[in-house]
């Protein structure tokens, strides 16, 4: 089986010209955790993960601590919002690289990319780097497991 047989074809995307504030609206309105960033020709130029945006307000100490058991509550930090000058920046300021797989890729290749780049969703492109879908860890896992049978 190849990726295009289990991918989602309806994908919420964000244009390369969008601001972080516009991307935040898309995250909220569509309940997604990743937005492929496309140029005017529909080519994938980057990936904007929800984590990239949330890192704008994440306290610096989070990266220094391994055990959060003693932190009972993050208090006022829960309601923290980035300043407007951050929200009007282009998505290119915080997006990640354009990691993707071709539509005819095998499932294990897709899972390897998901694992290597710590992604939950992976853009799928055609031969011209145009976005044609999105495949998740769950999509790949279910497709791989579908053929597993107990041989007795």
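Given their separation in residues at 0.36 nm each and the Cα-Cα distance between them, residue 29 and residue 54 gain 7.4 nm when the chain is fully extended.
Quick check on packing: order 84-93, 141-150, 127-136 by the mean number of other C-beta atoms within 10 Å, highest mean leading.
Values: 84-93: 14.1, 141-150: 10.2, 127-136: 17.7.
Taking the mean over residues of other Cβ atoms within 10 Å, the ranking is 127-136, 84-93, 141-150.
The modelled label-to-label distance between residue 89 and residue 146, using points 7 Å beyond Cα along the C-beta direction, is 4.1 nm. Can you tell me how the range 1-58 classifies by the Cα gyration tensor, rounded, prolate or oblate, using a/c under 1.5 as the rounded cut? Prolate shape, in that a/c is at least 1.5 and a/b is the bigger ratio.
Bear in mind these aren't lab numbers, they're just calculated from the coordinates by the rules spelled out. Small disclaimer: the values here were computed from a predicted structure and weren't measured. Note: ideal-geometry Cβ built from the backbone for every residue, glycine included; neighbour counts use all protein chains shown.
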